[in-house]
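Everything on this sheet refers to the single structure shown next.
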Amino acid sequence: LYHSFLDTAREDNAPQVRSDTYVYAVLSSLPWVGRELYEKKEQDLERLLKHIEIYVNKRSRKHVPGLRVWRSDDPHPQEEYLDCLWAQVCKLRSDMWQEKHIARPYVAFDQVLCEALQHNVPAITPPAHSPDNTYPFPWVVFRLFDYTDCPEGPVLPGAHSIERYLIEEHLHNIIKEFHLERKQCAAFLLDFPLKHKIPLEYVIVEVVLAEMFHLPSSRYLQICYGSLLIELCKLQPATMPQVLAQAVELLFDRIDTMNVCCHDRFMSWFAYHLSNFQFKWSWDDWLSTAQLERDHPRAKFISEVLQRCIRLSYHERILHVVPEQFDCFLPAVPRVQFRYDPDSNAEEPGWETAQQLIATIRNKGGSDDVLKVLEGLSNPMRGELAGDEMTPPYNPLQIQVFCQSILYLGSKSFSHSFAGVNKFLKVFEGLVVGGEEAQMLVLKEMHSLWSSHQQMMVVLIDKFLRTKVVQCATVANWIFSKEMTEDFTRSYVWEILHSTIRKMSKHVARLQKEMLDSRDSRRRRRGAGAGGASTRRASDESDSESNNSSDEENSRPRPTEEEIEGMEEKLETAQSDQKNLFLIIFQRFIMLLSEHLVRSDTDARDFNTNWYRCTVGRLQQIFMLHNNQVERYGQTLNTLLFTQDLDPHILDIFNQFMALRA
């Protein structure tokens, strides 16, 4: 059985992730049967281990840098999962295959079992590889604590002891089984069978954080881990909060080299956790951070955490929670910056029209009334064109006046803003008919009005995308525009971009499902029609539930060939838009990073700045969080953008991503 699994490592044209999966299956089962094989089949076991050793030593590790939580191996080496498990099995072998953590109730019945009927393990041949097969991604083992971090009491097993693997695997399985029920999950974790032999709270916190920081993406929603940690603190109030606080301090100390994906998750979870404990924290321990540059990872972390805390509370509350020295990290009070304020800026072009527009909307005017008011604004682009007879594609002044006015009137709440967009959607559609430049101006005006309210910008752009006021590609171009340079490294910008990519991906997936369902429906109808009398007889014998289901399906109009062709065309258009979106994003990243590297080389400066590390991390984040979608266009990206003449620092990020499935 083991050798048939290991034969996958000798297959031609099979990806490494396939053989990794089978080798991991063999290694992970050896702690249970290693002693038995050692006593009865020692030579065969040694030959098996030799094959594994050869495989582990020769396999590629190009993917590892993209999966590390930290860039540094200080204080804990970050090992790839197969390398770590192999080291743990080697340690088990040197201990004569003796371990102390696996429960073996069958040992008490050894005499009975020896006399029982023996069964041979049937031959199991792994199925042949197919391009459609998917295999688990590799991962890097997360390490936060060692025995020096734990107080007096049970000793934390070493990183290469098989006990560490067995305990962690058991806890991961508990989370997998009960992650939808946080109370049960927390209770089972704390009731771990061997809790008196290990510092259980430390191991649980490390395992939950390992799940949270898992790359390329967490297995479950982030709220799952946040609510689980809160439940653990409630059930074990004497020890768990202190261990969790110690973990936060260690993470904060090592945040300088933390992966950007993990930095975002840490920031988001910590703000959520604080909101459940009245935002109380030993902020004074971090006062030295106020002396750092604003783009330093620690300073950015505190700034982003406070920004998230404000989302979960309100500005004045957070202002009174943190020390005065942290005022530099607190964002400005969220308020609108209306260009056409009735009490000032009367000389601003379009000011009078803006006042008329506000009065019209307040008097319950409709879209036609608003358009009539806007028609009075002359187009400043007309004079810029070569001939007066040419009609400009859009009127920027109309867009500025309308967007500023409608968002200003809806500034009381999210609901007011959404209602304004919905009510005057016809006006938006008429103004942005000029294309991407007009849509870009809508986003610029929104940013100008709400620059101090990040969450409002996030939800408004989501609304604009849902109502098709702006396109996904426009949002990507806006994020990389010069106007957004100052905000480029702030997390809300990337929250917007990831939301935009997900929206596009869901759109493509929905169209694909509709098209496949229509094809299947048409194929089934044809089969039913060709079945004749036998089909009718079978239908008579089916139960009532099947009849109801069949009646419902037959009552739906059968899609015609023309309708299916139309669906295919829509899908092709959506896939083309998705590919274009990724091309825009990656091209802009390459331009930004290449310019930075050339400028640093010309000025003889170190290129490895905080901005550079953050931007490279964001590029890596796009690859990781949207790996399934990006992978479809891997060949196109390789041909058009990530070519061999690209700077190795940028090309390495792409190669690490491609190596995930290689």
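The one condition from (1) farther than 17 Å from Cys403 by Cβ; (2) modelled with pLDDT of 90 or more that Gln337 does not meet is (1).
Is there a residue being open to solvent by less than 50 Å² (accessible area, probe 1.4 Å), on the phi < 0 side of the Ramachandran plot and of a type outside the set (Ser, Thr, Tyr) anywhere in region 112-121? Yes. Report yes if some residue within region 471-482 is crowded, with 21+ Cβ neighbours inside 10 Å, of a type in the set (Phe, Trp, Tyr) and either in a helix (DSSP H, G or I) or in contact (Cβ under 8 Å) with a residue 24 or more places away in the chain (or both); otherwise report no. Yes, that holds for at least one residue.
Pick out the one residue from Glu99, Glu46 that is charged (D, E, K, R) and open to solvent by less than 60 Å² (accessible area, probe 1.4 Å). Walk me through how you get there before you give the answer.
Details: Glu46 fails: open to solvent by less than 60 Å² (accessible area, probe 1.4 Å).
Residue meeting the stated conditions: Glu99.
Would a scan of region 589-604 turn up a residue that is in contact (Cβ under 8 Å) with a residue 24 or more places away in the chain and under 30 Å from Leu511 (Cβ atoms)? Yes.
Yes/no per residue for (1) at pLDDT 95 or above; (2) surrounded by 16 or more Cβ atoms within 10 Å (Cβ to Cβ); (3) among the acidic types (Asp, Glu); (4) assigned by the TED database to the domain that holds Phe654:
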position	(1), (2), (3), (4)
Gln587	yes, no, no, yes
Met591	yes, no, no, yes
Asp601	no, no, yes, yes
Arg618	yes, yes, no, yes
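One line per residue, one yes/no per condition, for (1) within 27 Å of the chain's Cα centre (by Cα); (2) outside the structural domain of Ser217 (by the TED database); (3) farther than 26 Å from Ile167 by Cα:
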| residue | (1), (2), (3) |
| --- | --- |
| Ser4 | no, yes, yes |
| Ala14 | no, yes, yes |
| Ser29 | no, yes, no |
| Val33 | no, yes, no |
| Glu36 | no, yes, no |
| Leu49 | no, yes, no |
| Glu53 | no, yes, no |
| Ser72 | yes, yes, no |
| Met96 | no, yes, no |
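The criterion of at least 2 residues that are within 19 Å of the chain's Cα centre (by Cα) and of a type in the set (Val, Ile, Thr) is met by the following helices (runs of 4 or more DSSP H) wholly inside region 586-658: 610-625. Among the residues of region 641-662, not one is surrounded by fewer than 15 Cβ atoms within 10 Å (Cβ to Cβ) and either modelled with pLDDT of 95 or more or among the aromatic types (Phe, Trp, Tyr) (or both). Looking at region 132-143, is at least one residue in contact with a Cys (Cβ under 7 Å, 6 or more places away or on another chain), part of a loop (DSSP other than H, G, I, E, B) and surrounded by 10 or more Cβ atoms within 10 Å (Cβ to Cβ)? Looking through region 132-143, at least one residue is in contact with a Cys (Cβ under 7 Å, 6 or more places away or on another chain), part of a loop (DSSP other than H, G, I, E, B) and surrounded by 10 or more Cβ atoms within 10 Å (Cβ to Cβ).
Of a type outside the set (A, V, I, L, M, F, W, C), surrounded by fewer than 17 Cβ atoms within 10 Å (Cβ to Cβ) and over 36 Å from the mean Cα position of the chain (by Cα): which single residue out of Pro77, Pro105 fits that description? Please lay out each step first, then the result.
Working: Pro77 fails: over 36 Å from the mean Cα position of the chain (by Cα).
Just a single option satisfies the conditions, and that option is Pro105.
Take the residues in region 549-585 that are open to solvent by less than 70 Å² (accessible area, probe 1.4 Å) and assigned to a loop (DSSP other than H, G, I, E, B), then tell me which one is modelled with the lowest pLDDT. Looking at residues that are open to solvent by less than 70 Å² (accessible area, probe 1.4 Å) and assigned to a loop (DSSP other than H, G, I, E, B), I get Pro559. Among residues of region 121-149 that are closer than 17 Å to Ile204 by Cα, those with a Cβ under 6 angstrom from a residue that is open to solvent by 80 Å² or more (accessible area, probe 1.4 Å), sequence gap 6+ or separate chain, pair up as Tyr147/Val155. All conditions but one from (1) open to solvent by less than 70 Å² (accessible area, probe 1.4 Å); (2) on the phi > 0 side of the Ramachandran plot apply to Leu292; the one that does not is (2). Among residues of region 184-214 being modelled with pLDDT of 95 or more and touching a Lys or Arg at 6+ places or on another chain (Cβ under 9 Å), the one that is farthest from Gly617 (Cα to Cα) is Ala186.
The values are calculated or read from the model by the stated rules, or taken from the named source; none is laboratory data. Note that the coordinates shown come from a computational prediction; the quantities given were computed from them, not determined experimentally. Ideal geometry is used to build each Cβ from the backbone, glycine not excepted, and the neighbour counts take in all protein chains shown. The accessibility values were calculated without ligands, DNA or RNA, using every heavy atom of the protein model including side chains. Shrake-Rupley method; radii C 1.70, N 1.55, O 1.52, S 1.80 Å.
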